[in-house]
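The values are calculated or read from the model by the stated rules, or taken from the named source; none is laboratory data. Just so it is clear, the model here is predicted, and its values are computed rather than measured. Positions of Cβ are generated from backbone atoms using ideal geometry, with glycine treated the same way; all protein chains shown enter the neighbour counts. To get the accessible areas, we keep the full protein, side chains included, count just its heavy atoms, and leave off ligands, DNA and RNA. Shrake-Rupley method; radii C 1.70, N 1.55, O 1.52, S 1.80 Å.
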2 protein chains.
Amino acid sequence: VLQGGGVPPNVDSRERSGERVANRIVVLGSCGAWPEPSRACSGFYIECQGARVVLDLGYGTLPRLLSLLDSPAGDGLDAVIVTHRHPDHMVDLHGLMRARWFARRSSPAIPLYAPAGVVTSLLELEEGHAAAIRRVFDWHALPQQRYRVGPFMLESWPLPHHVPNAGVRLTSSSSVIAYTGDCGPDPAVATLAAGADVFIAEATDRDLQPGTWPPGSAPKLHMGAAEAGRAAASARARLLMLTHFWPGYDRERSRALATAHFNGKVVLAEDGLEIPLP
Amino acid sequence: VLQGGGVPPNVDSRERSGERVANRIVVLGSCGAWPEPSRACSGFYIECQGARVVLDLGYGTLPRLLSLLDSPAGDGLDAVIVTHRHPDHMVDLHGLMRARWFARRSSPAIPLYAPAGVVTSLLELEEGHAAAIRRVFDWHALPQQRYRVGPFMLESWPLPHHVPNAGVRLTSSSSVIAYTGDCGPDPAVATLAAGADVFIAEATDRDLQPGTWPPGSAPKLHMGAAEAGRAAASARARLLMLTHFWPGYDRERSRALATAHFNGKVVLAEDGLEIPLP
C-alpha cells in the first residue's frame, strides 16, 4: 500500500543492495542572483562516508536534489546547510520543507544549519506556519563554533554580505570541503579554506556590467574570481571550484582571473558536474 | 560590447529572421505542492499571434521559461499572470524579477496580473525592496472584470482556495484558454472554461494519502481529476489538460477519473509538453 500520496516508503535501495557509494560533490546549480536558461542557482550535494548533505538550495535546485536522492519525498538526506537567506541560495529549501511536511510529517526532523534569516524567510513563504518548519527541520544557528554533522565537523564563520552569511568548513576523516556562500573579501576566507580538498568560492564577476561597482563604493560584499584565487592561494587549497557566476558572464574569463592568482587546480562549477572526494 | 553583465541586448532573433512562430502552450511544470525529481511546479508558457505570456511560475520553472525565450534576461515576455501567492505557483516569479532588475532595469516594466498576495510575497522575498518590484513589473490586480493582454482579453474569477486565487480565461480572435489555478469545485469554473479550446485544470488527487481529506471536512479547496472532468463537461471544453499532480501520484489514475465524467479529449500535463493552439 502506498503512503504519502503515492510516495514510496523510506528505503535506501543502495544500502540494501550493499552497493559502494563513492564520496563526491555534485553541483546542483552554478548561477548567482537568478538562474540562466536551463541552469539553476546555488546548490551542492555531498555524499561522504554514506552521509548525504546539501549546501544551499537556490532557484531550480530541488528537482535535481530529489533526482540524486531518487525520492520525491527527499528521503535519505542527512542534513541541510544554508549560508544565507537570499532566494538564490534558499528558495527551494521551502519546496523541500513542503515535501517533508506533506509526505513525511511523522519522520524525524532533518537537521538544518543556517542563519536565523533563513528560518524567517521560510516562515514568510509558509505564511507564518511555524509548526510545519519545526516539525520538518531541526534548526541549528549558523555561524557557530562547531557542530557534528554525520561524518563531518561543521565549522562556520560570519562573512561580510548584505545579510548575515555563514562561510562553512566540513572536515571528515578523509577530506575537507570549504564554501564561502556570498561574501566580500575577508581574512576569514583563507582560514575557512585552509588546506581544503575542495574550496567552493563565489566568483561574482560583473565587470562587464556598467555601473555595478562604482569607484569608491566600499566595502564590496561579493568576491570576484580574482579574489577567490587570492584566497585559495593564501589558504593553500588543493582545488578551487568557482561558482555563483553572473548570468551571461563569460565563465572562462573568471577562470583566467582566478588562475592569475592561484596555481592549484581551478574548476568551473557547472550544473551536474561531479567532483570526487578523497 | 556586452551589456548587463554579459546578457546580450534585447533582440528577437526569430522576428529578425522572419520565422513563423506557431501558436502554442508549453508546460513548464506539472507538479502540485512541490516538484518531483526532474519535474517542476505549475507554469505554462503561451505563444499566440506573436505574443508571449506566462501563467504561474512555481518552483523550477524559470530556467525553462528563459530557455523558451532564449534570453537570460527574460526578454520578449509580454505579460505574466499568476493565480495566487502559493510558492508552487509563484516563487520563480521572484527570480524573473531579479533578472529584469539586474539586467534590464531601464526597460519598460512587464505587465503582471495577480492577486495582491503575490506582490506581498515578492516584497517579503526581496526584504521589502518595493522599488525593484515597481520598476520591473506593472502590477494589475486579479480578479478583475477584464484586461487587454496582447491579443487576449483576460477575464478572471475569484475561486475558493486557502488564499485568494484567480481563475483566468484568455480569449483571442483564434482561441480560448482557461486555467483554474488552485480551487475547490465552484460553479464559476464552468463559466470560466465555457467552450475553451484548452482548459487547464488542477487535478490534485490525494486519495492514496491517508487522512488528507477527513470525512466531513468541508469545503474542499482543491479539485481532483473527477471534479475537473465534471467541470470540463459542464463547460463543453474541447480539450482538458489535467495538471498540478500530487508528487508520486499515478497520473493515469487521474486521467481515468476525468474521462469517467468528460468525453472530450483529456491530456496529462507533462514538463515540456507542447499543445498547439488554433
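I'm trying to understand the selection: among the residues of the range B:119-157, which are among the charged types (D, E, K, R) and open to solvent by 50 Å² or more (accessible area, probe 1.4 Å)? Spell out the reasoning first.
Going through the range B:119-157, the residues among the charged types (D, E, K, R) turn out to be B:124, B:126-127, B:134-135, B:138, B:146, B:148, B:155.
Matches in the range B:119-157: B:E124, B:E127, B:R134, B:R135, B:D138, B:R146, B:R148.
Looking at the range B:53-70, which of the residues that are more than 7 Å from chain A (Cβ to nearest Cβ) and open to solvent by less than 10 Å² (accessible area, probe 1.4 Å) is farthest from B:A33 (Cα to Cα)?
B:V53
What residue, among those in the range B:239-272 that are among the hydrophobic types (A, V, I, L, M, F, W, C), away from chain A (no Cβ under 14 Å) and under 17 Å from the mean Cα position of the chain (by Cα), is surrounded by the fewest Cβ atoms within 10 Å (Cβ to Cβ)?
It comes out as B:L239.
Would you check if there is a residue in the range B:196-216 being among the small types (G, A, S), at pLDDT 95 or above, in a loop (DSSP other than H, G, I, E, B) and more than 22 Å from A:A103 (Cα to Cα)?
Yes, there is a match, as at least one residue in the range B:196-216 is among the small types (G, A, S), at pLDDT 95 or above, in a loop (DSSP other than H, G, I, E, B) and more than 22 Å from A:A103 (Cα to Cα).
Of the residues A:R16, A:R64, A:R39, which single one is modelled with pLDDT under 95 and farther than 30 Å from A:Q145 by Cα?
On the way: A:R64 fails: modelled with pLDDT under 95; A:R39 fails: modelled with pLDDT under 95.
Testing whether each residue is modelled with pLDDT under 95 and farther than 30 Å from A:Q145 by Cα leaves just A:R16.
Between a first residue in the range A:66-90 that is free of Cβ contacts under 8 Å to residues at least 24 places away in the same chain and within 16 Å of A:C48 (Cα to Cα) and a second residue that is of a type outside the set (V, I, T) and not in a loop (DSSP other than H, G, I, E, B), which pairs have beta carbons less than 8 Å apart while being 6 or more apart in sequence or on different chains?
That search, which allows pairs on different chains as well, returns A:L69/A:R52.
Out of everything in the range B:223-238 that is in a loop (DSSP other than H, G, I, E, B) and modelled with pLDDT of 95 or more, what residue ends up being farthest from the other protein chains (Cβ to nearest Cβ)?
Residues of the range B:223-238 in a loop (DSSP other than H, G, I, E, B): B:223-224, B:236-238.
Within this subset, residues satisfying the condition of being modelled with pLDDT of 95 or more are B:236-238.
Working: B:R236: 31, B:A237: 27, B:R238: 30 Å.
Result: B:R236.
What's the total number of residues in the range B:239-278 that are assigned to a loop (DSSP other than H, G, I, E, B) and among the small types (G, A, S)? Before the answer, list the steps.
The initial filter retains those residues of the range B:239-278 that are assigned to a loop (DSSP other than H, G, I, E, B), namely B:244, B:246-250, B:260-264, B:269-273, B:277-278.
Still in the running and among the small types (G, A, S): B:248, B:260, B:264, B:269, B:272.
The total comes to 5.
Given the conditions (1) within 11 Å of chain A (Cβ to nearest Cβ); (2) within 16 Å of the chain's Cα centre (by Cα), which single one is not true for B:S30?
Result: B:S30 passes all but (1).
Could you check the range A:33-52 and list, in sequence order, the residues that are within 11 Å of chain B (Cβ to nearest Cβ) and open to solvent by 10 Å² or more (accessible area, probe 1.4 Å)? Please lay out each step first, then the result.
Initial filter on the range A:33-52 (within 11 Å of chain B (Cβ to nearest Cβ)): A:33-41.
Of everything in the range A:33-52, those that are within 11 Å of chain B (Cβ to nearest Cβ) and open to solvent by 10 Å² or more (accessible area, probe 1.4 Å) turn out to be A:E36, A:P37, A:S38, A:R39.
State yes or no: is B:D78 charged (D, E, K, R), at the interface with chain A (Cβ under 7 Å from one of its Cβ atoms) and closer than 23 Å to B:V168 by Cα? Walk me through how you get there before you give the answer.
Details: charged (D, E, K, R): yes; at the interface with chain A (Cβ under 7 Å from one of its Cβ atoms): no; closer than 23 Å to B:V168 by Cα: yes.
When the stated conditions are applied, B:D78 does not pass them.
Just give me the residues in the range B:65-85 being more than 19 Å from B:N23 (Cα to Cα) and charged (D, E, K, R), in sequence order.
B:R85, the sole residue that qualifies.
Whether any residue in the range A:93-114 is polar (S, T, N, Q), open to solvent by 20 Å² or more (accessible area, probe 1.4 Å) and closer than 24 Å to A:I200 by Cβ is what I want to check. Show your work before the answer.
Of the range A:93-114, the ones polar (S, T, N, Q) are A:106-107.
In the following step, the residues that additionally are open to solvent by 20 Å² or more (accessible area, probe 1.4 Å) were identified as A:106-107.
Add one more test, that the residue is closer than 24 Å to A:I200 by Cβ, and what stays is none.
Taking every residue of the range A:93-114 in turn, none turns out to be polar (S, T, N, Q), open to solvent by 20 Å² or more (accessible area, probe 1.4 Å) and closer than 24 Å to A:I200 by Cβ.
For the range A:78-90, which positions are in a helix (DSSP H, G or I), touching a Ser or Thr at 6+ places or on another chain (Cβ under 7 Å) and not acidic (D, E)?
At the first step, the residues of the range A:78-90 found to be in a helix (DSSP H, G or I) are A:87-90.
From the residues that got through so far, the ones that are touching a Ser or Thr at 6+ places or on another chain (Cβ under 7 Å) too are A:88-90.
Once the filter is applied, which keeps residues that are in a helix (DSSP H, G or I), touching a Ser or Thr at 6+ places or on another chain (Cβ under 7 Å) and not acidic (D, E), the range A:78-90 yields A:H89, A:M90.
State the number of residues belonging to the range B:169-197 that are among the basic types (K, R) and buried (at least 24 other Cβ atoms within 10 Å of the Cβ).
To start, the set of residues in the range B:169-197 that are among the basic types (K, R) comprises B:169.
Okay, now just the ones that are also buried (at least 24 other Cβ atoms within 10 Å of the Cβ), so none.
Looking only at that region, the number is 0.
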